[in-house]
Amino acid sequence: MLDPGLGGTEPGLTVPNPHADNESLNQAEIAWDITTRLEGRMAATGMETILTRGRKNSPTVAERAHIANAFGADLMISIQASSSSSPHPNGVATFHFGNTHGSTSMIGSILSGFIQREIVARTALRDCRSHARTWDILRLTRMPVAQVDVGYLSNTTDLTLLSNPQTRDIVAEAVLVAVKRLYLLDNDDQPTGSYTFSRLLAEEQT
């Protein structure tokens, strides 16, 4: 289950596109673009994918969790682009379910850690690490969830990176490789940041 954040009447922060005059970018479109790039790669490697929303609508967090539960998804990956009232926060962070009483999604923790390391190894985004949270999208779902906050549109450096389609392509590939690593586990011998989509696809087709 792939969950592109915001959408519809909730576009999030909208900013000028530094790579194109008279164009703008917003959080929802960045999340949608990365998610659909990821969806295409997953489909090419034989994974069945479902999105929690279309391009123009914005279900609530509870509705997104219900969709994931209703389809019985094995994993859920939520893609978000962040913003702040300050221009200083920057970087990529991932999140999984965990509370102060010691209850933690172990698979969610492993997956979010894999995603964090792969994105940091492949991009110039600052490493804001992986964290346990009790947010509704992590708590209401019955499958392991990794939320990926890919950077801040309110930060000049992150905006320059995320407005580049190549960066969004790299982020999508990093998430795909992280999911692959989750299923390989002890059989995974590729250094972080070195496994490519083309190699993964070739292996799936042999």
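At-a-glance table
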| item | result |
| --- | --- |
| Relative contact order (percent, whole number), the chain, Cα cutoff 8 Å, 6+ residue spacing | 26 |
| Approximate spin-label separation residue 139-residue 164, in nm, with each point projected 7 Å along Cα-to-Cβ | 3.9 |
| Cα-projected label distance for residue 202 with residue 21, points at 7 Å along beta-carbon direction, nm | 4.3 |
| Sparse-neighbour loop sites [GluC sites (Glu not before Pro); the stretch 1-71; at most 14 other C-beta within 10 Å; DSSP] | 23, 48 |
| Over the stretch 64-206 - Rg/Rh using Cα atoms and the Kirkwood inverse-distance radius | 0.98 |
| Kyte-Doolittle at least 0.5, axis length at least 15 Å by Cα - qualifying DSSP helices, the chain | 106-122, 165-184 |
| Three-way shape call for the stretch 1-84 based on the alpha-carbon gyration tensor, with the a/c threshold at 1.5 | oblate |
| Highest-fluctuation residue, 70, 81, 146 considered, GNM on the chain with Cα pairs under 10 Å | 70 |
| Modelled label reach - residue 88, point 7 Å along Cα→Cβ, the stretch 139-166 residues with backbone N closer than 19 Å | 151-159 |
| Mean Cβ count within 10 Å, highest first, over the residues of peptides 52-59, 165-172 | 165-172, 52-59 |
| Modelled FRET efficiency - R0 22 Å, residue 57 with residue 183, Cβ distances, 0.05 increments | 0.10 |
| Highest to lowest packing among 122-130, 104-112, scored as the average C-beta count within 10 Å | 104-112, 122-130 |
| Total charge dipole magnitude, the stretch 2-204, about the Cα centre, Cβ charges on Lys, Arg, Asp, Glu only, Debye to nearest 20 | 320 |
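Every number here is computed from the coordinates shown, using simple stated rules; none is lab data. In this text the structure is predicted, and so the values were computed from the model without any measurement. Glycine gets a Cβ as well: all are built from the backbone with ideal geometry, and neighbour counts include every protein chain shown.
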